[in-house]
Amino acid sequence: MKVNIVNTSKNALPEYATKASAGVDLRANLELEVVMQPMERALIPTGLFIELPEGYEAQVRPRSGMAIKKGVTVLNSPGTIDADYRGEVKVILINLSENNVTIPHGERIAQMVIQRHEQAEWIETEALGETNRGSGGFGSTGKD
């Protein structure tokens, strides 16, 4: 699939790290580094603008390295970028650690995965089909 992208940052275009990678790393596009205090949220720009084909979305997800090494994750995970959005891709980070965390320009802050999706046609009905599980949720299957 080909996706149009405008890169206003000083970072290279996102790229897949390996042949089997599902996502590309998103990098911070900052004039000044951001220092995040514990439990602080920050909206980090990437300098990227994308044009996805209809029927696709981009999901912004946490990076495991940021989570384990720094205690920083993506707050609204996964964040969805719709095909008709033309604004800058930005990432909401939260510092869940007990220490201040510095985000410098160029830091890999999240990953982005492109996914195909469907739009449902909602059909209002009086009842739903029955299953063995029924309305049980949140651990109701008994499987650990």
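The values are calculated or read from the model by the stated rules, or taken from the named source; none is laboratory data. Computed from a predicted structure; not experimentally measured. Note: ideal-geometry Cβ built from the backbone for every residue, glycine included; neighbour counts use all protein chains shown.
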Open item on the list: Testing V34 on (1) in contact (Cβ under 8 Å) with a residue 60 or more places away in the chain; (2) closer than 21 Å to R116 by Cα, one condition comes back false. Which one is that?
Closed with: (2)
- [ ] Would you point out which residue out of K143, K90, K70 is at pLDDT below 95 and either among the basic types (K, R) or in contact with a helix residue (DSSP H, G or I) (Cβ under 6 Å, 6 or more places away or on another chain) (or both)?
- [x] K143
TODO: Being in a strand (DSSP E or B) and either free of Cβ contacts under 8 Å to residues at least 60 places away in the same chain or of a type in the set (K, R) (or both) is the filter; apply it to region 93-127 and report the residue that is farthest from E40 (Cα to Cα).
DONE: R116
TODO: Output yes when any residue across region 30-38 is surrounded by 15 or more Cβ atoms within 10 Å (Cβ to Cβ), assigned to a strand (DSSP E or B) and more than 15 Å from the chain's Cα centre (by Cα), and no when none is.
DONE: yes
- [ ] Among the numbered conditions (1) in contact with a strand residue (DSSP E or B) (Cβ under 6 Å, 6 or more places away or on another chain); (2) free of Cβ contacts under 8 Å to residues at least 60 places away in the same chain, tell me where S64 comes up short.
- [x] (1)
TODO: Give me a count of the residues in region 66-87 that are surrounded by 12 or more Cβ atoms within 10 Å (Cβ to Cβ) and either assigned to a helix (DSSP H, G or I) or aliphatic (A, V, I, L, M) (or both).
DONE: 8
